[in-house]
Amino acid sequence: MKYSYYPGCSLHTTAKEFDLSTKVVMRELGIELEELQDWSCCGGSIAGGVSHDVGMALAARNVVLAQNQNTDLLAACSGCYNKSAKAAKALENQQERQKITTILTDMGMSISGNNIKVRNVVDVLANDLDIANQVKKPLTGLKVACYYGCLLTRPADITGWDSPVFPMSMDRLAEACGAEVVDFRSKTKCCGGPILVPKEDVAFELTKRLLDEAKSLGADCIVLACPLCSTNLELRQPDIEKKYGVSYNLPVIYITELIGLALGIKPGKLGMDKHIVSTKGILRKLGI
């Protein structure tokens with residue numbers, strides 16, 4: 001099985017551990033990833049706020065590159081996946097396709113028309129592979145809170161592979177790895193990532209609620225698949241602790257890191273030494 005791999009901006013900068021763990025885990029599971037040649041930023045939520053057409057064309061550019069390579073596009077970042085999947089659907093709409101074609105033509109690109117799918121790493125891991133039979137070191141005794149955020153499984157007409165209200169894909173993956181999954185009721189509530197800069201106080205409050213619940217459930221870590229959510233939950237965790245006079249020291253790791261540990265891959269190869277909140281407590285609990 002082979003995919004055109006789209007890392008996006010975050011996995012080359014602030015979320016390198018997500019990139020490292022995705023590549024090594026997929027390789028271990030027999031999935032071939034070929035990095036999308038000449039990929040560019042998908043525009044995130046910012047470009048669309050300035051211009052719908054330009055924002056959609058930015059994301060469609062990567063889809064077209066994958067079409068030209070005639071392979072399905074695999075995105076790790078939930079934001080990049082969401083935007084790319086929307087662009088792929090827009091290319092199927094005659095009116096939207098014409099707008100996108102006009103902009104891409106000005107960039108010197110042509111649309112091949114090859115049909116491809118846009119997939120997310122969690123989708124492939126949960127629905128295409130049998131992780132349980134690949135586990136070498138069960139994560140027995142580790143309690144995890146799986147956090148999906150706003151974009152990974154929403155909207156249903158774009159994603160469609162898990163519930164947009166109460167998804168369970170990462171929960172099932174964590175359980176297959178031998179971990180204990182806590183009943184994290186806020187798994188799809190917003191962390192405040194998109195409003196962190198203009199409304200920091202509001203974002204901090206939203207993030208604090210998630211950290212409070214995960215901590216109250218006795219979770220040893222939060223598991224996710226979104227670099228933006230990780231920024232709020234991990235990078236800003238010390239700031240939130242200082243602001244509210246609380247203490248969490250709660251590791252936040254990517255689902256690919258969790259699976260990598262269960263596959264017996266060394267933590268260093270998964271990038272677990274690159275976190276702001278130390279993951280040593282997780283490793284000690286697992287006897288690694």
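The values are calculated or read from the model by the stated rules, or taken from the named source; none is laboratory data. This structure is a prediction, so every number in the text was calculated from the model and none was measured. Ideal geometry is used to build each Cβ from the backbone, glycine not excepted, and the neighbour counts take in all protein chains shown. Note: areas computed on protein heavy atoms with side chains; ligands, DNA, RNA excluded. Shrake-Rupley method; radii C 1.70, N 1.55, O 1.52, S 1.80 Å.
When the test is whether a residue is within 30 Å of R284 (Cβ to Cβ), open to solvent by less than 40 Å² (accessible area, probe 1.4 Å), under 17 Å from the mean Cα position of the chain (by Cα) and not charged (D, E, K, R), G149 passes it. From A85, A145, A156, A176, grab the single residue that is touching a Phe, Trp or Tyr at 6+ places or on another chain (Cβ under 6 Å) and of a type outside the set (K, R). Of the residues listed, the single one that is touching a Phe, Trp or Tyr at 6+ places or on another chain (Cβ under 6 Å) and of a type outside the set (K, R) is A145. Under the condition of being among the acidic types (D, E), over 21 Å from I158 (Cβ atoms) and open to solvent by less than 70 Å² (accessible area, probe 1.4 Å), the residues counted in region 92-142 number 0.
Within the bounds of region 159-182, is there any residue that is in contact with a Cys (Cβ under 8 Å, 6 or more places away or on another chain), assigned to a loop (DSSP other than H, G, I, E, B) and of a type in the set (S, T, Y)? There is no residue in region 159-182 that is in contact with a Cys (Cβ under 8 Å, 6 or more places away or on another chain), assigned to a loop (DSSP other than H, G, I, E, B) and of a type in the set (S, T, Y).
The residue pairs whose first member lies in region 14-35 and is within 17 Å of I131 (Cβ to Cβ), whose second member is open to solvent by 70 Å² or more (accessible area, probe 1.4 Å) and modelled with pLDDT under 95, and whose beta carbons are closer than 8 Å, counting only pairs six or more residues apart or on different chains, are G30/M1; I31/M1. From the list L20, L74, L33, the one residue that fits, being closer than 30 Å to K136 by Cβ, outside any helix (DSSP H, G or I), among the aliphatic types (A, V, I, L, M) and open to solvent by 10 Å² or more (accessible area, probe 1.4 Å), is L33. Selection of region 234-247 for residues being touching a helix residue (DSSP H, G or I) at 6+ places or on another chain (Cβ under 8 Å) and open to solvent by less than 10 Å² (accessible area, probe 1.4 Å) yields Q237, I240.
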